[in-house]
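The values are calculated or read from the model by the stated rules, or taken from the named source; none is laboratory data. Keep in mind that what you see is a predicted model, and the values were worked out from it rather than measured. Heads up, the Cβs are rebuilt from the backbone with ideal geometry, glycines too, and the neighbour counts pull from every protein chain shown. Surface accessibility is based on the protein's heavy atoms, side chains included, excluding ligands, DNA and RNA. Shrake-Rupley method; radii C 1.70, N 1.55, O 1.52, S 1.80 Å.
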Amino acid sequence: MTSVFIISAPSGSGKSTLVNRLMAEVRNLTFSVSYTTRQPRGNEVDGEAYHFIDRAEFEARRDRNEFLEWAEVFGNLYGTHQDALQIAENKGLDLVLDIDVQGAAQLRERIPAAVTIFILAPSREKLEQRLRMRSQDSDEVIRRRLADAAREIQDYSLYDYVLVNEDLDEAAETLKSVVRAERIRRIKVEEKIKPILATFHQVEKKQ
Ligand code: ADP
Ligand code: 5GP
């Protein structure tokens, strides 16, 4: 049974850094590569962080119901393809999605068992420092992202887990723990424990 992990955070909270650590350090996870109309940044490669497409193609795919969810964020369209879940299920992997609060709300309806995690910077001041440190955005974009963050953080209460990203190593460990703990929910391990239980029953019968 594929577990679905939805991770959201205001820009600059450290979500990409933490998700990269999670993907590198926990086995049997696959990352959902979204479709977007935004331009590639820096050294982003098509097909890795995103599939970069134009608005007309996005709208055509959306109208064919190819997306499990989609939303407009910072003036660009973003969507999760249906195939992401299908491929994870076929391969027996758990799926990690990095999507915004609007997309998370749509998926919560479609996949009620999805595990949702909200990542927060420890304060507005630290968030601003991190946005500036990343030095990818202009002053105006940073100002807009801080204003958006003030709005987005209100949605933390809709998530199962809220992770404050103060110390990076500690936050990365906590995120991994959430994934590992969710994987041993009884309902998810039932098939795996049947053969273990059977070994006890065989011995009981012999005695
Ligand atoms: P997001 O994906 O949420 O927009 P990033 O992962 O790009 O954020 O992180 C924003 C910046 O903050 C990056 O320069 C990153 O290295 C830095 N960063 C992330 N987590 C921490 C942390 N716990 N302490 C200090 N800096 C951090
Ligand atoms: P960025 O352009 O900075 O990579 O991402 C901007 C925002 O879009 C982030 O909050 C990210 O989580 C969100 N996002 C990325 N892919 C998707 C997606 O497929 N669906 C939705 N709803 N949001 C997405």
- Can you give the three extents of the C-alpha atoms in region 108-207 along their principal axes, from longest to shortest, in whole Å? 75, 32, 20
- Query: Over the heavy atoms of LEU68, what accessible area does a 1.4 Å probe trace out, to the nearest 10 Å²?
  - Reply: 20 Å²
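Which GluC sites (Glu not before Pro) does region 152-207 hold that lie in a coil by DSSP with at most 14 other beta carbons within 10 Å?
Numbers: sites: GLU152, GLU166, GLU170, GLU173, GLU182, GLU190, GLU191, GLU204; in loops: GLU166.
Counting only loop positions with at most 14 other Cβ atoms within 10 Å, the GluC sites (Glu not before Pro) in region 152-207 are GLU166.
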- Take the alpha-carbon centre of region 172-201, take the same for region 1-52, and report the distance between them in whole Å. 25 Å
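Counting DSSP beta bridges with both partners in the chain, what percentage is antiparallel, nearest 5?
About 30 percent, rounded to the nearest 5.
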- Straight-line reach check, LYS176, cutoff 17 Å on alpha carbons, 8 or more apart in-chain or any other chain, hits among lysines -> LYS15
- Item | Charge dipole magnitude, Cβ of K and R +1, D and E -1 - the chain, Cα centre, debye nearest 20 | 740 debye
- Task: Under a 10 Å cutoff between Cα atoms, tell me which one of PHE74, PHE58, PHE31 has the largest fluctuation in the Gaussian network model of the chain.
- Result: PHE74
- Along the positive direction of the dipole of region 97-207 (beta-carbon charges: Lys, Arg +1; Asp, Glu -1; about the Cα centre), which of PHE200, ALA113, ILE153 reaches farthest? PHE200
- Query: If you place +1 on the Cβ of every Lys and Arg, -1 on the Cβ of every Asp and Glu, and leave all else neutral, what size is the dipole of region 88-138 about its Cα centre, to the nearest 20 Debye?
  - Reply: 160 debye
- Just from the alpha-carbon atoms, what are the Rg and Dmax of region 40-96 in angstroms? 12.6, 35
- Message: So the label point goes 7 Å from the Cα of THR174 along Cα→C-beta, right? Which residues of region 1-39 then have their backbone N under 20 Å from it?
- Response: 5-26
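Filter the trypsin sites (Lys or Arg not before Pro) in region 32-66 down to the DSSP loop ones having no more than 15 other Cβ atoms within 10 Å, then list what survives. Please list the in-between numbers first.
Working: sites: ARG38, ARG41, ARG55, ARG61, ARG62, ARG64; in loops: ARG38, ARG41, ARG64.
Taking region 32-66 and a limit of 15 other Cβ atoms within 10 Å, the loop trypsin sites (Lys or Arg not before Pro) found are ARG38, ARG41, ARG64.
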- Could you tell me the convex hull volume per residue, in Å³, taken over the Cα atoms of region 93-142? 121 Å³
- Starting from 0 in steps of 10 Å, tell me what percent of the Cα-Cα pairs of region 120-174 lands in each bin. 21, 48, 29, 2
- Cα coordinate range in the chain, projected on the principal axes (Å, largest first): 76, 42, 31
- Message: With equal scatterers on the alpha carbons only and no solvent term, can you work out the Debye log10 of I(q)/I(0) for region 51-133 at 0.13, 0.17, 0.22, 0.24 1/Å?
- Response: -0.55, -0.84, -1.12, -1.21
- Filtered GluC sites (Glu not before Pro), region 1-60: DSSP coil and at most 16 other beta carbons within 10 Å: GLU44, GLU48
- Spin-label model distance (nm) - VAL141 vs LYS194, 7 Å beyond Cα toward Cβ: 5.2 nm
- Query: How far apart, in nm, are the 7 Å Cα→Cβ label points at VAL164 and ASP54?
  - Reply: 4.7 nm
